[in-house]
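Below is one structure, written out as structure tokens, with a few remarks after it.
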């Protein structure tokens with residue numbers, strides 16, 4: 001029987017001297033992860049499902065379970081936490097000289113390099129039935145498919161992109177500027193756990209305008225999540241989200257990873273288009289219809305450069321980016337169905 | 001010959017005791033304004049063209065001039081500055097006890113009430129050939145048409161709305177939260193001209209993501225404005241914009257006006273729909289195709305409640321909200337043509 005939730009113990013994989021794309025070294029790097037299900041004897045039922053911006057492994061569990069496509073009775077699902085998320089190596093848990101604002105820059109490829117070592121060294125896995133993920137998890141999915149085409153059989157990035165679009169960068173710049181401007185941020189040298197709360201609240205308020213679509217707010221769909229008013233939603237969903245254990249320096253580290261996302265920066269490639277064209281995995285690419293920072297046009301562009309028969313399948317509806325967050329049953333069923341379909345291809 | 005620019009002197013209209021919708025009184029209220037052209041003997045060639053969020057009268061001049069629809073040789077164009085914009089009564093120029101953060105709340109209808117007194121008392125005008133405006137100027141246009149249906153013959157609100165949509169409020173809340181969280185804001189009691197620059201920069205960065213569309217950034221259309229890179233545009237356009245004499249308390253006053261925009265709050269009406277249905281002016285309603293905070297769907301909704309044969313005419317292209325800012329010749333020509341057409345109806 002598989003247990004779920006934030007209170008279930010997780011594992012850690014340690015890499016003693018982990019070289020980063022930026023030139024610095026984490027001594028060591030730690031990747032916190034959980035697995036769901038059992039690796040079979042042929043070692044061909046492994047799935048990698050990386051986390052998203054500030055998400056933790058338990059935040060991915062809505063797509064895993066009995067009766068779902070990612071059924072632990074059949075698949076061995078590995079959920080590695082992203083570097084910087086507070087469980088894997090992060091500003092908040094790293095010793096000097098990598099603590100706080102001195103934590104090194106992390107790129108998407110660093111995450112995938114670390115995850116590759118976890119998968120191959122700890123589990124002896126050399127093939128992945130599927131890599132999938134939401135948002136920055138989708139970015140890691142693309143990177144897996146480009147970095148390890150011989151391993152990745154299938155890919156399903158949802159509400160994300162192979163390269164962070166400029167408008168997305170403008171959004172990220174605004175989050176960073178608001179947090180860094182805040183009373184109490186102090187260049188990232190705030191005392192432990194004494195966070196710049198005003199800046200985090202501003203951060204949450206900015207995010208609120210991007211995470212859901214105009215139509216979501218017009219139609220007051222937040223009522224489906226149990227909130228009584230727009231302000232109730234802003235405080236009870238958004239502020240609560242970013243005030244729940246999310247260290248500002250961690251947020252800035254992951255934000256920087258996101259900002260620089262681009263499979264075209266993979267060694268051996270000279271452009272995003274070339275990297276996309278190299279992908280061999282069977283693919284369903286799933287943007288959300290009204291995603292404001294990963295709009296479907298951008299993913300249509302990516303698919304147009306993929307030569308592997310990748311399918312573009314847009315998640316319909318008004319939930320915007322959070323269509324991929326597991327927050328509503330309709331979108332969850334839509335994504336789950338696609339996962340199941342792809343796994344049969 | 002008409003002179004243009006920020007260095008041309010402007011006039012001020014003073015209202016000794018001006019009652020506001022919030023219950024407070026400005027003693028006095030001052031409306032700074034400029035006029036272009038000459039009021040004819042019949043007094044039937046007057047046009048009112050209010051300003052937008054943080055705009056000044058000279059920022060409206062791109063739509064006025066010889067050979068344009070709003071030709072001063074034919075029309076008498078009155079551009080009143082919005083309360084809170086730093087020229088009309090504002091936190092930055094009002095004496096105690098209405099100074100800084102103690103400045104009273106201003107509603108759209110307060111602006112229109114003051115403008116109505118300017119137009120009728122100073123100029124003896126009882127009919128307006130046209131009211132038009134961009135963004136918050138569009139909101140004032142709607143309010144004029146609802147408050148004074150006997151006066152307003154034509155209306156052309158562009159890139160704005162009759163009621164501020166909830167998603168738009170979420171955007172505004174994020175601007176406010178970032179500015180108020182900033183080092184140096186100090187509850188609005190910062191020393192004169194010693195502005196919280198970090199907060200203003202964050203404010204500008206947030207705005208940058210909303211003012212133009214995703215496609216505008218994807219296509220790097222900012223190159224048409226002479227910028228060399230995305231960062232160059234962020235600093236040279238957006239930060240420069242909000243660091244150019246824009247007092248934070250003034251910004252917050254106008255933001256609050258915007259947030260509460262709703263013609264349905266007009267005395268005598270019980271809903272936005274009812275207020276919209278009361279409009280008698282000939283109307284062209286012009287949202288921009290990719291406006292992120294005033295999306296065209298919202299204006300389609302407004303037109304569906306107007307009973308005066310209002311025409312919805314969407315400004316095509318990727319410029320988003322700034323399609324109505326006079327920044328590019330194609331959109332400017334599109335708007336100018338509509339103004340000319342409406343003035344002939």
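The values are calculated or read from the model by the stated rules, or taken from the named source; none is laboratory data. Remember, predicted model here, so these are calculated numbers, not experimental data. A quick note on method: Cβ atoms are made from the backbone with ideal geometry, for glycine too, and the neighbour counts reach across all protein chains shown.
Brief remarks follow.
- Test result for residue A:204, more than 10 Å from chain B (Cβ to nearest Cβ), out of contact with any strand residue (DSSP E or B) (no Cβ under 7 Å at 6 or more places or on another chain), at pLDDT 95 or above and part of a helix (DSSP H, G or I): no
- Odd one out for residue B:199, checked against (1) within 14 Å of chain A (Cβ to nearest Cβ); (2) in a loop (DSSP other than H, G, I, E, B): (2)
- Members of region B:279-304 that are more than 24 Å from residue A:290 (Cβ to Cβ) and in contact with a helix residue (DSSP H, G or I) (Cβ under 6 Å, 6 or more places away or on another chain): B:279, B:281, B:284
Yes or no, residue by residue, for (1) under 22 Å from residue B:243 (Cβ atoms); (2) at pLDDT 95 or above; (3) touching a strand residue (DSSP E or B) at 6+ places or on another chain (Cβ under 8 Å); (4) part of a loop (DSSP other than H, G, I, E, B):
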site: B:40; (1), (2), (3), (4): no, yes, yes, yes
site: B:43; (1), (2), (3), (4): no, yes, no, yes
site: B:47; (1), (2), (3), (4): no, yes, yes, no
site: B:53; (1), (2), (3), (4): yes, yes, no, yes
site: B:68; (1), (2), (3), (4): no, yes, no, yes
site: B:74; (1), (2), (3), (4): no, yes, no, yes
site: B:88; (1), (2), (3), (4): yes, yes, yes, yes
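- Taken together, A:243, A:251, A:276 contain a single residue that is within 14 Å of chain B (Cβ to nearest Cβ) and touching a helix residue (DSSP H, G or I) at 6+ places or on another chain (Cβ under 8 Å), which is A:243.
- When region B:7-26 is filtered for residues that are in a loop (DSSP other than H, G, I, E, B) and surrounded by 14 or more Cβ atoms within 10 Å (Cβ to Cβ), the ones remaining, listed by number, are B:10, B:20, B:21, B:24.
- Region A:94-131, residues that are closer than 25 Å to residue A:275 by Cα, touching a helix residue (DSSP H, G or I) at 6+ places or on another chain (Cβ under 9 Å) and part of a loop (DSSP other than H, G, I, E, B): A:105, A:106, A:107, A:125, A:126, A:129
- Positions within region B:172-185 being over 20 Å from the mean Cα position of the chain (by Cα) and either in a helix (DSSP H, G or I) or within 7 Å of chain A (Cβ to nearest Cβ) (or both), in sequence order: B:177, B:178, B:179, B:180, B:181, B:182, B:183
- Residue A:169 being at the interface with chain B (Cβ under 8 Å from one of its Cβ atoms), closer than 26 Å to residue A:107 by Cα, surrounded by fewer than 23 Cβ atoms within 10 Å (Cβ to Cβ) and touching a helix residue (DSSP H, G or I) at 6+ places or on another chain (Cβ under 6 Å): yes
- Under the condition of being more than 18 Å from residue B:184 (Cβ to Cβ) and crowded, with 21+ Cβ neighbours inside 10 Å, the residues counted in region B:238-254 number 3.
- Residue in region A:134-147 that is touching a strand residue (DSSP E or B) at 6+ places or on another chain (Cβ under 6 Å) and surrounded by fewer than 24 Cβ atoms within 10 Å (Cβ to Cβ) present: no
- Region B:47-61 - residue that is in contact with a helix residue (DSSP H, G or I) (Cβ under 7 Å, 6 or more places away or on another chain) and closer than 14 Å to residue B:118 by Cβ and, of those, surrounded by the fewest Cβ atoms within 10 Å (Cβ to Cβ): B:49
- When the residues of region B:217-229 are filtered to those that are assigned to a helix (DSSP H, G or I) and either buried (at least 23 other Cβ atoms within 10 Å of the Cβ) or without any contact (Cβ under 8 Å) to a residue 60 or more places away in the chain (or both), the one that is farthest from the other protein chains (Cβ to nearest Cβ) is B:223.
- When the test is whether a residue is within 25 Å of residue B:90 (Cα to Cα) and in the same structural domain as residue B:324 (by TED's automatic domain parsing), residue B:277 does not pass it.
- Hey, residue A:282 surrounded by fewer than 21 Cβ atoms within 10 Å (Cβ to Cβ) and either free of Cβ contacts under 8 Å to residues at least 40 places away in the same chain or in the same structural domain as residue A:94 (by TED's automatic domain parsing) (or both) or not: yes
- Positions within region A:186-196 being more than 8 Å from chain B (Cβ to nearest Cβ) and either part of a loop (DSSP other than H, G, I, E, B) or under 14 Å from residue B:196 (Cβ atoms) (or both), in sequence order: A:189, A:190, A:191, A:192, A:193, A:194, A:195
- Considering region B:285-297, the residues that are over 17 Å from residue B:156 (Cβ atoms) and at the interface with chain A (Cβ under 10 Å from one of its Cβ atoms) include one that is surrounded by the fewest Cβ atoms within 10 Å (Cβ to Cβ), namely B:297.
- Of the residues making up region B:261-273, those that are in contact (Cβ under 8 Å) with a residue 24 or more places away in the chain, in contact with a helix residue (DSSP H, G or I) (Cβ under 7 Å, 6 or more places away or on another chain) and farther than 16 Å from residue B:139 by Cβ number 0.
- Breaking point among (1) at positive phi; (2) assigned to a helix (DSSP H, G or I); (3) more than 12 Å from chain A (Cβ to nearest Cβ), for residue B:139: (1)
- So residue A:316, is it under 20 Å from residue A:137 (Cβ atoms), surrounded by fewer than 23 Cβ atoms within 10 Å (Cβ to Cβ) and either without any contact (Cβ under 8 Å) to a residue 40 or more places away in the chain or within 12 Å of chain B (Cβ to nearest Cβ) (or both): no
- Of the helices (runs of 4 or more DSSP H) lying entirely inside region B:261-345, those containing at least 2 residues that are at pLDDT 95 or above and in contact with a strand residue (DSSP E or B) (Cβ under 6 Å, 6 or more places away or on another chain) are B:296-304, B:329-344.
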